[in-house]
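Inspection log for the structure reproduced underneath, given as C-alpha cells.
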Amino acid sequence: MTAWLSVDTDDLLHLPSNRGHPHRSSQKMPHWQTRDYRASQRLLDATDRFIEWAQQGSPVTIFLIAEQLDCPEFTQRMNILLSMPNTTFACHGWGHRCWSAWPEDIKSFSDMLVHSRDRISKFSGKSWRPWFRAPGGYIESWMAGPLAGAGFRLDSSINPSRWVNRKMGGDWSKVKQSIEQSGIIERSWLTTWLGPACGPALSLFPFSFFAKRAWNKKSFPLTDDPVNQEVVTLYWHLLDHSRSSGRWKPPLSKSK
Ligand SMILES: [Zn+2]
C-alpha cells in the first residue's frame, strides 16, 4: 500500500508535561490563544536537520502549531520548507492544548480551529491542506462537528490501539464513526499488535522495536494525497531529528 508521511512541529514546551494538559502540565494554560512563542534552539537545530532530509524529495505534510509563526527564526525555516515542491502544510492546533483532556468546550475549540486555519493557510498558500491532527492525540467525538464546521476535510488523530482508548472517551471506533459521519476522512496512524507505531512510539521501548520493523518492512511508495486513496499513515516529530546527535532519520527503507 502507499504511505503518507507527516511530521508534527511540537517544541519542548508543547509536551503535555509542560503545557496543554489540565493535570499533567507544570504551566497553566488559561486560554487557548497563547502568544509570544519562541522556538527552542533544539527545535531550530532539529528543523535544520529535517530540511536536509526533505531535500531528497519525499512528499511530506507538516502539521504546524499556529503559534509557532510568532517566532521569526522558526518561520524562516518553515519558509524554506514552503519553497520545496514536496511539502504541504496542515494544522496541529494553535498552542497544542490537549482538548479532550479538558471539559468539552465546542465554542473555544471552534474559535481555535478557525484562527489556526486562517493563520496557517495564509502562511502556506497553495501548499495548505485542510487537515488536522489533535495535539497529544486527544480527540473525542464532540470535536468532529467543529472540525467539519471549520472546513477540515481530513483528520489524522486516531491511533487505533488499546493504549489510547482512555483519551478517546473509552472507544476510538466511536470517535472514528463521529468523524466520518461529519463528512471528514479519518486516516488513523499505523499500529502494530503491541500498540502505536508512530510519534513517541518511535523512541519508546518496546514500542520502538516493533514500530521500526513495521516502517521498514517494505518499501512503501509515497503519496502526498491521503484524501483520494487509502494510505498507511506514518508520522514523526521534528524534534526526533535532534536524536543521535542530529543523525536521526525516519526509519523508512533506504530508498526514502
Ligand atoms: Zn503534538
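The values are calculated or read from the model by the stated rules, or taken from the named source; none is laboratory data. In this text the structure is predicted, and so the values were computed from the model without any measurement. Glycine gets a Cβ as well: all are built from the backbone with ideal geometry, and neighbour counts include every protein chain shown.
For region 201-222, filtering for residues that are touching a strand residue (DSSP E or B) at 6+ places or on another chain (Cβ under 9 Å) and buried (at least 17 other Cβ atoms within 10 Å of the Cβ) leaves 8. Would you be able to say whether some residue in region 101-121 is in contact with a Pro (Cβ under 7 Å, 6 or more places away or on another chain), part of a helix (DSSP H, G or I) and surrounded by fewer than 18 Cβ atoms within 10 Å (Cβ to Cβ)? For region 101-121, residues in contact with a Pro (Cβ under 7 Å, 6 or more places away or on another chain), part of a helix (DSSP H, G or I) and surrounded by fewer than 18 Cβ atoms within 10 Å (Cβ to Cβ): present. If I ask for residues that are over 20 Å from the mean Cα position of the chain (by Cα) and not in a loop (DSSP other than H, G, I, E, B), which ones from region 216-256 would you list? Within region 216-256, Asn216, Ser244, Ser245, Gly246 qualify. Checking region 13-20 against the condition returns a match, with at least one residue being exposed (fewer than 15 other Cβ atoms within 10 Å of the Cβ), in a loop (DSSP other than H, G, I, E, B) and either touching a residue at least 12 places away in the same chain (Cβ under 8 Å) or not basic (Lys, Arg) (or both). Quick one: would you say Met78 is assigned to a helix (DSSP H, G or I), at pLDDT 95 or above, under 17 Å from the mean Cα position of the chain (by Cα) and closer than 19 Å to Tyr235 by Cα? Spelling it out, Met78 is indeed assigned to a helix (DSSP H, G or I), at pLDDT 95 or above, under 17 Å from the mean Cα position of the chain (by Cα) and closer than 19 Å to Tyr235 by Cα. Only one of the numbered conditions (1) over 14 Å from the mean Cα position of the chain (by Cα); (2) crowded, with 17+ Cβ neighbours inside 10 Å is not met by Asp171, and that is (2).
A count restricted to region 90-114 and to residues that are away from the ligand (no atom under 15 Å from the Cβ) and either touching a strand residue (DSSP E or B) at 6+ places or on another chain (Cβ under 7 Å) or closer than 29 Å to Thr223 by Cα (or both) stands at 2. Each residue in region 140-168 was checked for being modelled with pLDDT of 95 or more, buried (at least 20 other Cβ atoms within 10 Å of the Cβ) and farther than 21 Å from Arg129 by Cα, and 0 of them qualify. Restricting Arg42, Arg38 to residues that are modelled with pLDDT of 95 or more, within 29 Å of Ala101 (Cα to Cα) and touching a Ser or Thr at 6+ places or on another chain (Cβ under 8 Å) narrows the list to Arg42. Candidates Arg24, Arg49, Arg38, Arg19: the one that is of a type outside the set (Phe, Trp, Tyr) and more than 27 Å from Ile139 (Cα to Cα) is Arg49.
Gly137 fulfils the conditions (1) of a type outside the set (Asp, Glu); (2) within 16 Å of the ligand (Cβ to nearest atom); (3) more than 18 Å from Arg19 (Cα to Cα) except for a single criterion, (3).
Scanning region 61-75 finds no residues that are assigned to a loop (DSSP other than H, G, I, E, B), within 27 Å of Arg243 (Cα to Cα) and among the hydroxyl-bearing types (Ser, Thr, Tyr).
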